[in-house]
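What follows is a set of notes on a single structure, which appears directly below.
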Amino acid sequence: MKVNGVLLLLLCLGSALSAVIATPQTCPANLEAKCNDASSDDWEGEFFPGIPKIKYEGPASKNPLSYKWYNAEEEILGKKMKDWFRFSVAFWHTFRGTGADPFGAPTKSWPWEDGTNSVAMAKRRMRAHFEFMNKLGVELWCFHDRDIAPDGKTIAEANANLDEVVAVAKKLQEGSKIKPLWGTSQLFMHSRYMHGAATSSEVGVYAYAAAQVKKAMEVTHYLGGENYVFWGGREGYQTLLNTDMEKELDHLARFLQAAVNYKKKIGFNGTLLIEPKPQEPTKHQYDWDAATAFAFLQKYGLVGEFKLNIECNHATLSGHSCHHELETARINGLLGNIDANTGDPQIGWDTDQFLTDIAEATLVMLSVVRNGGLAPGGFNFDAKLRRESTDVEDLFIAHISGMDTLARGLRNVAKLIEDGSLDELVRKRYSSFDSEIGALIEAGKADFETLEKKAMEWGEPSVASGKQELAEMIFQSAL
């Protein structure tokens, strides 16, 4: 009996030990020892315990952690939804956003954070990022070099830090389809860039910025990134009184040409993207809007080497709608990517909110469908939680809401195309050009003498209604 009792005790102890070993590690809010080891290569814990893999449940679902309109594998207008959107998580807002604003201290400290900007913390953060993407069902992400790894006292030290963290990202990508939609360099936060980077008045800063872009482009290429973005937050001026604008624009063009040359040298086939923005933090930014950026590319012979990354909040800051900026880029063959966000019409700065306006999303998707999609670009959620949203699950809810909103936009565009009324209204509005003289005009073969003769023959022209209210009615009926 004693022998049997001992055997039973050993069996129970073995079962208990197995249960302990099998229990997955998590990162509790108090950052206990389990989470402190999250940067090690053999740590296999869970950063988002209690958050399931997000699935499509349909419009009737009341589950906030589910997709109601975005069904990745569903085919609409000849493509799967995931291929129309190519959704991307922005590392900086999602994992480096603290809720701080010019008037208040940070409001967020995620459970896995230890309060440092160390390489070990950066590795742990990267692991949390990949778990987030896997649970969200998103395969693309975007980053600034200094968001994913800490800066250093020297370029060499900064590069070494970046290499360490990128090695973790590369390993986490193995066996998955996850890769960067695009990478970029943070050329605006450090004090060395107070006068700009490529437009700085200091040649040493210009060289430092070039070295930083060189490394970031190498890293993007190494991780399989499909694009590389240039956002010139400091490439502009506060006053023209102390600025040689022509010299700065020339320097910027030489910088971008050097980037093109290096891209080709290392065999990086990704698209180079310029992200227009009118101001903030500078008073005037040189790539003010899509039309300004296009003119710059034309002047310096860079058309064909760059496309545009259109951000909706930047569009409204420049006095345009997002739809206007997308159409300007599209009709000039420059629409390469979209930073999906929106601003608040009552606030005059870049609030980077998740897009939840269905009408706006429908207009955005009209441009995307007309463009035939965005690949190799996509939709990057350059959007952040509100300062007052501090729960981990809010990260998921915000992305789900943004993805569902754009999915509704795509579904609405499919309705408009199937109905055909809006397209027919536009066709009829310009139908007078479906004539012999109209064809000559559009072919560039109608001279003023010919047109004068026609004008005298026809007399006073009749002008039809633009039918704006009917167009708006048709549009609204699809929402």
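The values are calculated or read from the model by the stated rules, or taken from the named source; none is laboratory data. Small disclaimer: the values here were computed from a predicted structure and weren't measured. Because the Cβ atoms are built from the backbone with ideal geometry, glycine has one as well, and the counts that use them run over all protein chains shown. With ligands, DNA and RNA removed, areas are computed over all heavy atoms of the protein, side chains included. Shrake-Rupley method; radii C 1.70, N 1.55, O 1.52, S 1.80 Å.
When P52 is tested against (1) surrounded by fewer than 14 Cβ atoms within 10 Å (Cβ to Cβ); (2) assigned by the TED database to the domain that holds L136, just one condition goes unmet, and that condition is (2). Among the residues of region 353-385, those identified as in contact (Cβ under 8 Å) with a residue 40 or more places away in the chain and more than 16 Å from the chain's Cα centre (by Cα) are D357, I358, A359, E360, T362, L363, L366, S367, V369, R370, N371.
Just to be sure, is K247 open to solvent by 80 Å² or more (accessible area, probe 1.4 Å), within 25 Å of L308 (Cβ to Cβ) and of a type in the set (K, R)? It is true that K247 is open to solvent by 80 Å² or more (accessible area, probe 1.4 Å), within 25 Å of L308 (Cβ to Cβ) and of a type in the set (K, R).
Scanning region 260-297 for residues that are among the aliphatic types (A, V, I, L, M), within 18 Å of the chain's Cα centre (by Cα) and more than 26 Å from G348 (Cα to Cα) gives a single hit, L272.
Kindly provide the set of residues from region 265-274 that are exposed (fewer than 14 other Cβ atoms within 10 Å of the Cβ) and either among the β-branched types (V, I, T) or over 19 Å from L302 (Cβ atoms) (or both), ordered by number. If the condition is that a residue be exposed (fewer than 14 other Cβ atoms within 10 Å of the Cβ) and either among the β-branched types (V, I, T) or over 19 Å from L302 (Cβ atoms) (or both), then I266, G267 are the ones that fit.
Here is a yes/no grid of residues against (1) open to solvent by 100 Å² or more (accessible area, probe 1.4 Å); (2) farther than 30 Å from F85 by Cα; (3) not assigned by the TED database to the domain that holds E360:
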position: E424; (1), (2), (3): no, no, yes
position: I441; (1), (2), (3): no, yes, yes
position: V463; (1), (2), (3): yes, yes, yes
position: G466; (1), (2), (3): no, yes, yes
position: A471; (1), (2), (3): no, no, yes
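Within region 117-130, residues that are assigned by the TED database to the domain that holds F95 have Cβ atoms under 8 Å from residues that are in a helix (DSSP H, G or I) and at pLDDT below 95 in these pairs: R124/C35, counting only partners at least 6 apart in sequence or on another chain.
Within region 252-264, no residue satisfies the criterion of being open to solvent by less than 10 Å² (accessible area, probe 1.4 Å) and among the polar types (S, T, N, Q).
For region 327-334, does any single residue satisfy the condition of being of a type in the set (D, E), closer than 30 Å to A149 by Cα, over 17 Å from the mean Cα position of the chain (by Cα) and in the same structural domain as Q353 (by the TED database)? No: region 327-334 contains no residue that is of a type in the set (D, E), closer than 30 Å to A149 by Cα, over 17 Å from the mean Cα position of the chain (by Cα) and in the same structural domain as Q353 (by the TED database). In region 337-352, the residues that are in the same structural domain as T94 (by the TED database) and closer than 15 Å to E280 by Cα form Cβ pairs under 8 Å with partners that are aliphatic (A, V, I, L, M) and in a loop (DSSP other than H, G, I, E, B), at six or more places apart or across chains, as follows: D352/A383.
Of the residues making up region 257-292, those that are of a type in the set (A, V, I, L, M, F, W, C) and closer than 15 Å to T220 by Cβ number 6.
Every listed requirement among (1) of a type in the set (D, E, K, R); (2) open to solvent by 80 Å² or more (accessible area, probe 1.4 Å); (3) farther than 30 Å from W69 by Cβ is met by K454 save one, (2).
Whenever a residue of region 391-407 is farther than 18 Å from K80 by Cβ and of a type in the set (S, T, Y), its partners that are part of a helix (DSSP H, G or I) and open to solvent by 10 Å² or more (accessible area, probe 1.4 Å), lying with C-beta atoms within less than 9 angstrom and at least six residues away or across chains, give the pairs T405/I358; T405/E360.
Scanning region 67-93 for residues that are β-branched (V, I, T) and in contact with a strand residue (DSSP E or B) (Cβ under 8 Å, 6 or more places away or on another chain) gives a single hit, V89.
Among the residues making up region 336-355, those that are open to solvent by less than 30 Å² (accessible area, probe 1.4 Å) and either of a type outside the set (D, E, K, R) or over 18 Å from L140 (Cα atoms) (or both) are G336, N337, I338, A340, N341, G343, D350, T351, D352, F354, L355. Looking across region 151-177 at every residue that is under 18 Å from S191 (Cβ atoms) and not in a helix (DSSP H, G or I), the one that is most open to solvent (accessible area, probe 1.4 Å) is identified as K153.
Looking across region 83-121, the residues that are of a type in the set (D, E, K, R) and under 17 Å from F132 (Cβ atoms) come down to R96, K108, E113. Of the residues making up region 163-199, not one is of a type in the set (G, A, S), within 25 Å of V260 (Cβ to Cβ) and free of Cβ contacts under 8 Å to residues at least 24 places away in the same chain. Here D382, D447, D394 are screened, and the one residue that is more than 25 Å from G50 (Cβ to Cβ), surrounded by 12 or more Cβ atoms within 10 Å (Cβ to Cβ) and of a type outside the set (A, V, I, L, M) is D382. Give the residues of region 356-379 that are more than 23 Å from G336 (Cβ to Cβ) and either open to solvent by less than 10 Å² (accessible area, probe 1.4 Å) or of a type in the set (A, V, I, L, M, F, W, C) (or both), sorted by residue number. Those that are more than 23 Å from G336 (Cβ to Cβ) and either open to solvent by less than 10 Å² (accessible area, probe 1.4 Å) or of a type in the set (A, V, I, L, M, F, W, C) (or both): I358, A359. Candidates are the residues of region 275-304 that are touching a Ser or Thr at 6+ places or on another chain (Cβ under 7 Å) and open to solvent by 50 Å² or more (accessible area, probe 1.4 Å); the one that is nearest to D250 (Cα to Cα) is W288.
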